[in-house]
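The values are calculated or read from the model by the stated rules, or taken from the named source; none is laboratory data. Not measured: the values here are computed from a predicted model. Cβ coordinates were reconstructed from backbone atoms using ideal geometry, including for glycine residues, and neighbour counts include every protein chain displayed.
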Amino acid sequence: MEERIETKNINLCIIFIKVKNKSFESAMDRASKILSHLIENKNLRRGNWVKMNVEDLEWLCKEARTALENDEMLIELEAPLNVVGDVHGQFTDLMRFLELGGDPKDHKYLFLGDYVDRGDNSIEVITTLLCYKVLYPKSFYLLRGNHETKDISNLYGFQDECSARYPDARLWETFNDVFSYLPLAAIISSRIFAVHGGLSHSLKDINEIKKVKRPIDVPENGFIADLLWADPQPDIQGYNESERGTSYTFGQDIADDFLQKNDFDLICRAHQVVENGFDFPFFPNQSVVTVFSAPNYCDEFGNRGAMLKIDSTLLCSFDFVEPDEADQKVDEYRPATPANATGRITE
């Protein structure tokens with residue numbers, strides 16, 4: 001009698017494992033199918049969209065949120081890895097960077113935020129990134145940018161794109177729910193601090209980032225806002241008001257103090273368009289590097305896009321995507337994104 005009960009329990013256990021594995025495989029298969037469809041359209045012509053099923057997108061957001069919840073708010077990563085800055089809805093350029101950096105199945109990536117708005121294909125960009133996050137959760141990492149918020153993405157294109165393409169769905173709200181679970185910063189090999197925006201006088205201890213509870217509605221001020229919004233400014237000491245109308249700018253002294261206090265060598269951030277795709281704002285001091293990965297940003301700047309490559313010895317180099325000449329227009333000034341519609345900088 002005892003032997004029969006034991007056998008029955010073992011059989012039940014085997015059945016449970018098989019069902020669980022089947023569910024896991026179907027989730028991976030579904031994400032792979034969505035991703036394959038996007039890769040097939042990696043050379044998408046300007047002004048076109050990749051047709052995707054809204055049910056697939058809603059399912060993907062649910063799966064990606066689960067994957068993101070497993071990441072700490074302050075991620076600790078080890079090199080080698082590729083670091084990508086602002087993408088801003090430029091799908092074909094994103095695919096070019098992924099080709100340069102290698103298949104995410106075999107190469108680690110960290111994206112610094114600002115996936116949506118400005119460009120024509122924000123849905124393709126964020127869907128591609130979320131597919132990779134679901135498929136490779138321990139080698140593909142996404143941080144939050146200031147455009148991964150409702151206040152900004154309803155002004156600069158993402159909400160309009162979602163409404164135009166899926167008018168009967170609440171897709172914009174669904175994506176924003178995922179955004180509220182994105183980590184805020186990362187530490188690479190204990191030596192490099194990575195973030196979308198910059199530093200904060202409100203952040204007294206870097207471990208405070210780890211204590212932030214999700215989901216997060218980004219506040220108007222405080223260290224969460226600063227991590228997403230702050231900029232380096234080479235001609236100041238300390239902190240200064242930002243022309244963006246929110247957060248602050250910070251000087252080299254602030255960066256140096258932060259690095260010394262935390263025993264870091266470099267602050268890697270995005271958030272600002274730069275002509276060559278990367279820039280050391282305090283050059284010749286190299287305490288801070290800006291990485292921007294949207295070439296010919298807003299069809300106006302004619303800038304390169306860059307990707308930072310960090311090898312296992314922490315040697316840093318850059319790969320570039322040049323602007324497509326056919327997409328270039330007149331190079332003229334385009335102001336920075338304000339915090340809200342009443343910010344001092346306006347479109």
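The set of residues in segment 211-230 that are in a helix (DSSP H, G or I), surrounded by 15 or more Cβ atoms within 10 Å (Cβ to Cβ) and not β-branched (Val, Ile, Thr) comprises Phe223, Ala225, Asp226, Leu227, Leu228, Trp229. Here Gly198 fulfils each of the conditions (1) over 26 Å from Ala67 (Cα atoms); (2) at pLDDT 95 or above; (3) outside any helix (DSSP H, G or I) apart from (1). Among the residues of segment 110-166, the ones that are touching a helix residue (DSSP H, G or I) at 6+ places or on another chain (Cβ under 7 Å) and charged (D, E, K, R) come to 9 in all. Note on segment 144-184: among residues that are among the hydrophobic types (A, V, I, L, M, F, W, C), under 22 Å from Leu35 (Cβ atoms) and touching a residue at least 60 places away in the same chain (Cβ under 8 Å), the one that is surrounded by the fewest Cβ atoms within 10 Å (Cβ to Cβ) is Ala169.
Is it the case that Thr313 is polar (S, T, N, Q), in a loop (DSSP other than H, G, I, E, B) and modelled with pLDDT of 95 or more? Criteria met by Thr313.
Consider segment 231-269 and keep the residues that are in contact with a Leu (Cβ under 8 Å, 6 or more places away or on another chain) and aromatic (Phe, Trp, Tyr). The one that is surrounded by the most Cβ atoms within 10 Å (Cβ to Cβ) is Phe250. Applying a threshold of 6 Å to beta carbon distances and a minimum spacing of six or more residues, or different chains, the list of pairs starting in segment 26-50 at a residue that is touching a residue at least 40 places away in the same chain (Cβ under 8 Å) and ending at one that is polar (S, T, N, Q) reads Leu38/Thr128; Leu44/Thr92; Val50/Asn41. Checking Arg344, Arg334 one by one, the residue that is at pLDDT below 95, part of a loop (DSSP other than H, G, I, E, B) and within 23 Å of the chain's Cα centre (by Cα) is Arg334 and no other.
Of all residues in segment 132-143, those being surrounded by fewer than 24 Cβ atoms within 10 Å (Cβ to Cβ) and assigned to a strand (DSSP E or B) number 1.
Please verify whether Thr290 is among the β-branched types (Val, Ile, Thr) and crowded, with 23+ Cβ neighbours inside 10 Å, treating the condition exactly as stated. Here the answer is yes, as Thr290 does meet what is asked.
Scan segment 258-300 residue by residue and report those that are under 30 Å from Asp324 (Cβ atoms), outside any strand (DSSP E or B) and charged (D, E, K, R). Answer for segment 258-300, where residues must be under 30 Å from Asp324 (Cβ atoms), outside any strand (DSSP E or B) and charged (D, E, K, R): Glu275, Asp299, Glu300. Scanning segment 72-131 for residues that are in a strand (DSSP E or B), hydrophobic (A, V, I, L, M, F, W, C) and free of Cβ contacts under 8 Å to residues at least 40 places away in the same chain turns up just one, Phe111. At pLDDT below 95 and of a type in the set (A, V, I, L, M): does that describe Ala270? In short, no.
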